[in-house]
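Below: the structure, in structure tokens.
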Ligand SMILES: [Zn+2]
């Protein structure tokens with residue numbers, strides 16, 4: 001459906017683009033929920049990742065977010081499933097989230 005007030009390049013998202021958008025927004029929602037408080041493990045500030053490059057957060061932060069009801073069990077499982085070592089200080093890379 002075209003928007004009559006938009007320019008000639010304006011168009012709506014394709015289903016694939018919309019799905020990509022939804023995935024990106026879901027990832028942003030989860031990461032925002034995980035980083036909503038200071039990290040209990042390394043004291044990274046709220047809304048800052050525990051590690052900058054590559055961006056990652058301590059597993060302790062994921063566990064705290066789950067305990068606080070900020071993320072779902074599925075979100076937590078998704079983060080843990082890529083880990084080999086399970087400790088509170090273990091970093092969960094952003095791309096695995
Ligand atoms: Zn941390």
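The values are calculated or read from the model by the stated rules, or taken from the named source; none is laboratory data. In this text, all values refer to a predicted model and were calculated from it rather than measured experimentally. As a convention, Cβ positions derive from the backbone with ideal geometry for all residues, glycine included, and neighbour counts pool all protein chains shown.
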Problem set entry | Tally, over the stretch 48-74, of residues that are in a loop (DSSP other than H, G, I, E, B) and either modelled with pLDDT under 95 or within 15 Å of residue 93 (Cα to Cα) (or both) | 7
Exercise. Could you give every pair whose Cβ atoms fall below 7 Å, whose first residue belongs to the stretch 85-97 and is under 12 Å from residue 49 (Cα atoms) and modelled with pLDDT of 90 or more, and whose second residue is within 13 Å of the ligand (Cβ to nearest atom) and assigned to a strand (DSSP E or B), counting only separations of at least 6 or pairs across chains?
Worked result: 91/51; 91/56; 91/57; 91/58; 92/56; 92/57; 93/56
Exercise. Is it the case that the stretch 60-72 has a residue that's more than 16 Å from the ligand (Cβ to nearest atom) and surrounded by 10 or more Cβ atoms within 10 Å (Cβ to Cβ)?
Worked result: yes
Exercise. When you scan the stretch 30-50, how many residues do you find that are within 14 Å of the chain's Cα centre (by Cα) and within 18 Å of residue 80 (Cβ to Cβ)?
Worked result: 7
For this session: Being within 11 Å of the ligand (Cβ to nearest atom) and over 16 Å from residue 66 (Cβ atoms) is the filter here, so list the residues in the stretch 31-49 that pass it.
Result: 38, 42, 43, 44, 45, 48, 49
